[in-house]
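Engineer: Let me begin by handing over the structure; questions about it come next.
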Amino acid sequence: MEPRFLRSHMHINLHPVDRWIRIVVGTVLCVLAFQNNQINGWYLIGVIPLLTGIVGFCPIYYAMGLNTNRWARVKPDTTRK
């Protein structure tokens, strides 16, 4: 059973294309961070888009009221005839 906060607030708000772009960019930045056996702190910022892409939830989008996931915008028809 998931916590109430996760059910009400952490819904998928990223479109699949947006998620893949974040995953690719985040992976590239993380790989560049460990190049030449030296860790470069700027590239470690790639963890943020990588995690938001994997999870599918962007807290910044949520705070701004944005939703690029077109399937989440369509509300199911609850009326039955």
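Throughout, read-outs are computed from the coordinates displayed, never taken from laboratory work. Please read these numbers as outputs of a predicted model, since none were measured by experiment.
Engineer: Check which residues have an amide H placed less than 5 Å from His15's amide H, if you skip close sequence neighbours.
Structural biologist: Distant-sequence amide H within range of His15: Thr68, Asn69.
Engineer: Spelling out what I want: for every residue of the range 48-53, take phi, set θ = phi - 60°, compute 6.51 cos²θ - 1.76 cosθ + 1.60 (Karplus), and round to whole Hz; glycine and proline get x.
Structural biologist: 5, x, 5, 5, 5, x
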